[in-house]
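Novice: So that we are looking at the same thing, I have put the structure below in structure tokens.
The values are calculated or read from the model by the stated rules, or taken from the named source; none is laboratory data. This one's a predicted model, so the numbers in the text were calculated from it and none came from an experiment. Here the Cβ is made from the backbone with ideal geometry for all residues, glycine too, and neighbour counts use every protein chain on show.
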Amino acid sequence: MDFSSMPLWAIGAGIIGLLMAVFFARSVLKESPGNAKMQEISKAIQEGAMAYLNRQYRTLIPIVIIIFAVLFIFKGWPAALSFLVGAVASGVAGYVGMGITTRANARTTEAARTSLNKALGVSFRAGAVMGLSVAGLGLLGVAALFMAFGDAETINSFAFGASVIALFARIGGGIFTKAADVGADLVGKIEAGIPEDDPRNPAVIADNVGDNVGDTAGMGADLFESYAATAIAGMLIGFSVFGGHGVGEVLFLIIGVVGIISSIIACFFVRTGEKANPQRALNMGLWGTNILTALGSFAVVHLLLPATYTAANGIVITPNRAFLAILCGLTVNIIIGLITEYYTSNEKKPTQSIAKASETGAATNLITGLAVGMKSTALPVITICAATLCAFQAAGVFGIALAAMAMLSTAGIIVAIDSFGPVADNAGGIAEMAELDPSVRKTTDKLDSVGNTTAAVAKGFAIGSAAITALALFNAFAELADLKVIDILVPTTIVGLFIGAALPFLFSSLAMQAVGKAAFEMIEEVRRQFREIPGLMEGKAKADYAACVDISTKAAIRQMIAPGLLAVLTPVVVGFLLGKSAMGGMLAGGTFSGFLMAIFMANAGGAWDNAKKYIEAGHHGGKGTPAHAAAVIGDTVGDPFKDTAGPSLNALIKVMGTISLIIAPFLR
């Protein structure tokens, strides 16, 4: 079979994904943006979000130029160009997604005045623009560069370019959103005693902007990076296992084709009734994508793979064995989502136990939340371990790579259901600030509640995919660096393990401190406005929203540099000073430690958030009670856990892996 033209299928599928993103964007923009007040609020959110994104990317330009120059000198122009394309494509995906979600918020609010299903449709289609842009640009970029240069090793810097942007997008976006959120909650809710999204709160617009820069641009960049890194790592492993160019490489591109087409089809499954739970509609999209991807992958492996192939290491690969490995990846999708939902949903016991603990104060709320987060790490680890062993038994390291690619091939729908959340959240804020009928806020709150759960599920997916991607990257590094074993009796390997295990803790500390510093500035500004603007608390004067947006923007850009450089430079220093064994140890230690920390932080933060919402729904006394005040404090601690440090660890794990592929040939 002629495999040389198959990357064109991937290029075509990537273009189809982008065209569908355009279709969904146009359908959203056709909807009414509501009255003048709603449009004014939406425009303020949009301008704040785009101003932040512009400043973030301007800050990253010198870093991108320096890395481009280094790659050009030491790796050649194809590697340097691939890096630049990866960075630009990630940035474009962020711009596209941010542009549509910040325009969809008022349109979702207006749709909520008509029906729940219409509001869900507008917000989900906006999220689908981001999701299909991420999957489409990722598949298109990898396939086009592979067609141009014909070598996966040459283009692995495409994933590195995406990693650099994702790392800073995750850190900067997380700092921005949590500085605003903490300022809005602590001063607005607790000190001033005003409701969430109250227009009197100076930080309210910055808070709404933050939802977009964190959960839309940040998550999009994160999964774009995972997508690119997984595809390229799989192609490198496929080249090695099959002894040259051919099916081992193109199979990963074709699985990407199956995944993006399945995501497009499943987007049309997302519909709900007025009294139905919107979560079920989103689950239909997720389950539909996984089922369609499984069916399509079964056909693909039987069409492309030989009936039996024995690799040089003795592993026997058959179509059915390859399909079993693919099923392992898709199963991880579902199980990680269910586990995350169990530990973070306010309908489940873990979160309700945190709400109950709030009755005795903030201390017991925090203790219970930490316990829930720690406990939540066990089942995901068991799931990843079982999937890894199963995939390896099926098809060796090639099977692990297939499992990772199958998991990431569904990124289009995952990013869509995640990006839907900020749109619904902003819609509720606009309904509150525009003083619409309470029934509108009730409708948007249904979507927002679901959005919190889908955001937690998406974070779980991102963490799980980061772990699987890291395993694929690790195996690709071992191939490129000719690393046969990692001997823990060798001192440099032990040193690498310790450095790798410690890095997520130091990185998380810097990220948490950054939120604390930025939040301090925000709190002082909100207090100043309440104190100095006459009539603000009475609703007779307008808050200076722009000042709070500016504070979050400047703080996020300033504070993201240190943890970002730590993540980029440490693997390079360890690799060149201590050698490939230490580098292997560092990758192992960083992956395991970072994976556990990320799950713990994301699930603890999500549970704290939903425990607060559970109380606000009327349980344990409801709003304004000591239990509610304790829950707000827990949520405030959990915010940088789930939206800054936790998600940023995904990028840390993967940036270590992508850098290792770049420097691997120099470490032999």
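Novice: Just to be sure I understand, how many residues within the range 360-389 are out of contact with any Gly (no Cβ under 8 Å at 6 or more places or on another chain) and either crowded, with 16+ Cβ neighbours inside 10 Å or assigned to a helix (DSSP H, G or I) (or both)?
Specialist: Of the residues in the range 360-389, 20 are out of contact with any Gly (no Cβ under 8 Å at 6 or more places or on another chain) and either crowded, with 16+ Cβ neighbours inside 10 Å or assigned to a helix (DSSP H, G or I) (or both).
Novice: Here is a follow-up. Output the number of the condition that Met601 fails; it satisfies all remaining conditions of (1) touching a helix residue (DSSP H, G or I) at 6+ places or on another chain (Cβ under 9 Å); (2) not in a helix (DSSP H, G or I).
Specialist: (2)
Novice: Let me ask something else about it. Scan (1) within 14 Å of Gly183 (Cα to Cα); (2) free of Cβ contacts under 8 Å to residues at least 40 places away in the same chain for the single condition Leu569 breaks and write down its number.
Specialist: All conditions pass for Leu569, except number (1).
Novice: Turning to a different aspect of this structure: Is the range 621-636 home to any residue that is under 21 Å from the mean Cα position of the chain (by Cα) and surrounded by fewer than 24 Cβ atoms within 10 Å (Cβ to Cβ)?
Specialist: yes
Novice: Further question on the same structure: Mind listing whichever residues of the range 84-106 are closer than 30 Å to Thr154 by Cα, out of contact with any Ser or Thr (no Cβ under 6 Å at 6 or more places or on another chain) and modelled with pLDDT under 90? Step through it out loud before you land on a result.
Specialist: Kept after step one, since they are closer than 30 Å to Thr154 by Cα, are these residues of the range 84-106: 84-97.
Those left that are additionally out of contact with any Ser or Thr (no Cβ under 6 Å at 6 or more places or on another chain): 84-92, 94-95.
Matches in the range 84-106: Ser90, Gly91, Val92, Gly94, Tyr95.
Novice: Hey, another quick one. Could you pull out the residue among Ile291, Ile264 that is under 22 Å from the mean Cα position of the chain (by Cα) and within 30 Å of Gly127 (Cβ to Cβ)?
Specialist: Answer to the check: Ile264.
Novice: Pick out the one residue from Ile73, Ile65, Ile61, Ile100 that is assigned to a helix (DSSP H, G or I), among the hydrophobic types (A, V, I, L, M, F, W, C), closer than 30 Å to Leu436 by Cβ and out of contact with any Cys (no Cβ under 9 Å at 6 or more places or on another chain). Reasoning before the result, please.
Specialist: Numbers: Ile73 fails: closer than 30 Å to Leu436 by Cβ; Ile65 fails: closer than 30 Å to Leu436 by Cβ; Ile61 fails: closer than 30 Å to Leu436 by Cβ.
Only one candidate qualifies: Ile100.
Novice: Considering only the range 542-565, state which residues are in contact with a Phe, Trp or Tyr (Cβ under 6 Å, 6 or more places away or on another chain) and assigned to a helix (DSSP H, G or I).
Specialist: The answer is Ser552, Thr553, Ala556, Pro563, Gly564.
Novice: State which residue is surrounded by the most Cβ atoms within 10 Å (Cβ to Cβ) when the search covers only the range 245-257 and only residues that are modelled with pLDDT of 90 or more and not aromatic (Phe, Trp, Tyr).
Specialist: It comes out as Gly256.
Novice: Okay, next question. So, in the range 300-339, exactly how many residues are surrounded by 14 or more Cβ atoms within 10 Å (Cβ to Cβ) and small (Gly, Ala, Ser)?
Specialist: Number of matching residues: 5.
Novice: Hey, another quick one. Tell me which residues, restricted to the range 90-110, are over 21 Å from the mean Cα position of the chain (by Cα) and of a type in the set (Ser, Thr, Tyr).
Specialist: Residues satisfying the conditions are Thr108, Thr109.
Novice: Sticking with this one: Can you say whether Asn283 is in contact (Cβ under 8 Å) with a residue 40 or more places away in the chain and either under 26 Å from the mean Cα position of the chain (by Cα) or assigned to a helix (DSSP H, G or I) (or both), as far as the supplied structure shows? Talk me through it step by step, then tell me what you get.
Specialist: Working: in contact (Cβ under 8 Å) with a residue 40 or more places away in the chain: no; either under 26 Å from the mean Cα position of the chain (by Cα) or assigned to a helix (DSSP H, G or I) (or both): yes.
So Asn283 does not fit the description; no.
Novice: Go through the range 605-621 and give me each residue that's over 15 Å from Glu341 (Cβ atoms) and basic (Lys, Arg).
Specialist: Within the range 605-621, Lys612 is the sole residue that qualifies.
Novice: Within the range 236-244, can one find any residue that is buried (at least 20 other Cβ atoms within 10 Å of the Cβ), over 22 Å from the mean Cα position of the chain (by Cα) and within 25 Å of Thr454 (Cα to Cα)?
Specialist: no
Novice: Condition first: farther than 9 Å from Phe600 by Cβ and of a type outside the set (A, V, I, L, M, F, W, C). Now tell me which residues in the range 362-374 satisfy that.
Specialist: Result: Thr364, Asn365, Thr368, Gly369.
Novice: Moving on. All but one of (1) touching a Pro at 6+ places or on another chain (Cβ under 8 Å); (2) at pLDDT 85 or above; (3) surrounded by 24 or more Cβ atoms within 10 Å (Cβ to Cβ) hold for Ile171; which doesn't?
Specialist: With respect to (1) touching a Pro at 6+ places or on another chain (Cβ under 8 Å); (2) at pLDDT 85 or above; (3) surrounded by 24 or more Cβ atoms within 10 Å (Cβ to Cβ), Ile171 is out only on (2).
Here is a yes/no grid of residues against (1) part of a loop (DSSP other than H, G, I, E, B); (2) surrounded by 17 or more Cβ atoms within 10 Å (Cβ to Cβ); (3) touching a Pro at 6+ places or on another chain (Cβ under 7 Å); (4) modelled with pLDDT under 80:
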residue	(1), (2), (3), (4)
Gly259	no, yes, no, no
Ala266	no, yes, no, no
Thr272	yes, yes, yes, yes
Gln279	no, yes, no, yes
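Novice: Checking the condition within 26 Å of Ser262 (Cβ to Cβ), surrounded by fewer than 17 Cβ atoms within 10 Å (Cβ to Cβ), in contact (Cβ under 8 Å) with a residue 12 or more places away in the chain and of a type in the set (A, V, I, L, M), which residue from Ile15, Ile100 passes?
Specialist: Ile15
Novice: If you scan the range 575-613, which residues turn out to be in contact (Cβ under 8 Å) with a residue 24 or more places away in the chain, more than 18 Å from the chain's Cα centre (by Cα) and surrounded by fewer than 24 Cβ atoms within 10 Å (Cβ to Cβ)?
Specialist: Phe576, Leu578, Gly579, Ser581, Ala588, Gly589, Phe592, Ser593, Lys613
Novice: Shifting gears a bit: Taking the range 107-163 as the region of interest, how many residues are modelled with pLDDT of 85 or more, crowded, with 24+ Cβ neighbours inside 10 Å and assigned to a loop (DSSP other than H, G, I, E, B)?
Specialist: Here the count works out to 1.
Novice: Going by the conditions given, is Ile653 touching a helix residue (DSSP H, G or I) at 6+ places or on another chain (Cβ under 6 Å), buried (at least 24 other Cβ atoms within 10 Å of the Cβ) and not aromatic (Phe, Trp, Tyr)?
Specialist: Answer is yes for this residue.
Novice: Going by the conditions given, is Ser449 assigned to a helix (DSSP H, G or I), hydroxyl-bearing (Ser, Thr, Tyr) and at pLDDT 80 or above?
Specialist: Against the criterion (assigned to a helix (DSSP H, G or I), hydroxyl-bearing (Ser, Thr, Tyr) and at pLDDT 80 or above), Ser449 does not qualify.
Novice: Follow-up question, since we're still on this one. Pick out the one residue from Ser509, Ser552 that is under 26 Å from the mean Cα position of the chain (by Cα) and surrounded by fewer than 15 Cβ atoms within 10 Å (Cβ to Cβ).
Specialist: Ser509
Novice: Here's a follow-up. Within the range 321-343, can you find the residues that are over 13 Å from Ile400 (Cα atoms), touching a Phe, Trp or Tyr at 6+ places or on another chain (Cβ under 9 Å) and not aliphatic (A, V, I, L, M)?
Specialist: Of everything in the range 321-343, those that are over 13 Å from Ile400 (Cα atoms), touching a Phe, Trp or Tyr at 6+ places or on another chain (Cβ under 9 Å) and not aliphatic (A, V, I, L, M) turn out to be Asn333, Gly337, Thr340.
Novice: Consider the range 328-337. How many of its residues are at pLDDT 85 or above and within 20 Å of Lys375 (Cβ to Cβ)?
Specialist: Qualifying residue count for the region: 3.
Novice: Sticking with this structure for a sec: How many of the residues in the range 520-544 are among the β-branched types (Val, Ile, Thr) and within 19 Å of Lys178 (Cα to Cα)?
Specialist: Qualifying residue count for the region: 2.
Novice: Read through the list (1) assigned to a helix (DSSP H, G or I); (2) of a type in the set (Lys, Arg); (3) under 27 Å from Ser581 (Cα atoms), then give the number of the only condition that Lys517 fails.
Specialist: Going through (1) assigned to a helix (DSSP H, G or I); (2) of a type in the set (Lys, Arg); (3) under 27 Å from Ser581 (Cα atoms) one by one, Lys517 breaks only (3).
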